[in-house]
Amino acid sequence: MSKLPAPPADGFCARAWARTADLQQAIVEHPFNAALTDGSLDRDRFAFYIVQDARYLVGFAQALAAASSRADDAEDAAFLAGAAQGALVEERRLHAGYVEEFGLTEQEVSGVGTSPSCLAYTSFLRANALTEPYPVVVAALLPCFWVYQHVGSTILEATGGAADHPYHRWISTYADDEFAAAVLSARELTDRLAAAADEPMRERMLAAFVRATEYEWLFWNSAWEREEWPTARWLAGRSVGASAGA
């Protein structure tokens, strides 16, 4: 399975995808993903992305675990808990392999600051998990599943699954059958929750889905720009103690 079947036309997911269609296309066409597709993406940008994504996955997993604890249905709770485990174990294992491939040390990894976009996205998910109703939390989590699978499968189709592609491992991870099945489960859960909700709740779900999709674009863009805090130049070289005594 690479391309997913379209969601039911009368469901929330179809509405949410239609609402963000132009943004989804912009994500696929972003310079980072265009360079990833043709193999020209430089290793420094990809290494920066891998470090940020590993940090993002911690916040994503925490939000998934919180959603799991609020699910009334045991199967839904198990799916969300399993997805949280996958975020922390399976996908981070992929990242560890890339860190080893790039020859990065733990000191070098820890020395890369968390980008503003990464912090903003994870903070958004954590805030939703703590303050929003369960259906809104699930809708906010859906883009990380769906957008990644859409990007991965689009790139896989464009590259023909070439095993010698420099980023073949990443492409195959997000375009494989197991991940596609997880995306379908996430979509079905979101559609069921929306069908049981009233229209004001569905509007809140849609707003959360749209904002999370905006953060997806920002995350790709931050990797392309190797985004730093604009305030960093005023803090460079100053220790916490020196700053406190200034």
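Output the Kirkwood hydrodynamic radius of region 46-178, Cα pairs only, in Å rounded to one decimal. Here the Kirkwood hydrodynamic radius works out to 15.9 Å.
Between Gly113, Gly160, Gly59, which gets the highest mean-square fluctuation from a Gaussian network model of the chain, Cα cutoff 10 Å? For the chain, modelled as a Gaussian network with Cα springs under 10 Å, the answer is Gly160.
Under 10 Å from the Cβ of Phe102, count the other residues' Cβ atoms, weight Lys and Arg +1, Asp and Glu -1, and hand me the total. Summing Lys/Arg as +1 and Asp/Glu as -1 gives -3. At a probe radius of 1.4 angstrom, the accessible area of the chain per residue rounds to 48 square angstrom.
Set the Förster distance to 25 Å, then compute FRET efficiency between Ala77 and Ala182 from the Cβ-Cβ distance, nearest 0.05. With R0 = 25 Å, the Cβ-Cβ based efficiency is 0.95. Toward the positive end of the charge dipole of the chain, with +1 on the Cβ of Lys and Arg and -1 on the Cβ of Asp and Glu, the farthest Cα among Pro116, Pro5, Pro200 is that of Pro116. Its Cα gyration tensor gives the chain an equivalent ellipsoid. The semi-axes, each the square root of 5 times an eigenvalue, are 30, 24, 17 Å from largest down. Using a cutoff of 8 angstrom between alpha carbon atoms and counting only pairs six or more residues apart, the relative contact order for the chain works out to 33 percent.
Ligands, DNA and RNA left out, the accessible area of the chain computed with a 1.4 Å probe is 55% carbon and sulfur. Computed over protein heavy atoms with a 1.4 angstrom probe, the accessible surface ordering of Asp191, Asp73, largest first, is Asp73, Asp191.
If Lys and Arg each add +1 and Asp and Glu each add -1, what is the summed charge of the other residues whose beta carbon sits under 11 Å from the beta carbon of Leu218?
Combined, the nearby Lys, Arg, Asp and Glu give -3.
Note that region 155-169 has calculated 3J(HN,Hα) couplings of 5, 4, 5, 5, 8, x, x, 4, 5, 8, 5, x, 10, 4, 4 Hz, one per residue in order, obtained from phi through the Karplus relation 6.51 cos²θ - 1.76 cosθ + 1.60 (θ = phi - 60°); glycine and proline are x.
Among Arg93, Arg43, Arg15, what's the order by accessible area (1.4 angstrom probe), most exposed first?
Arg93, Arg43, Arg15
Within the full protein context, the accessible area of Asp198 is estimated at about 90 Å² for a probe radius of 1.4 Å.
The values are calculated or read from the model by the stated rules, or taken from the named source; none is laboratory data. This structure is a prediction, so every number in the text was calculated from the model and none was measured. Positions of Cβ are generated from backbone atoms using ideal geometry, with glycine treated the same way; all protein chains shown enter the neighbour counts. Keep in mind that these areas ignore ligands, DNA and RNA; they rest on the heavy atoms of the full protein, side chains included. Shrake-Rupley method; radii C 1.70, N 1.55, O 1.52, S 1.80 Å.
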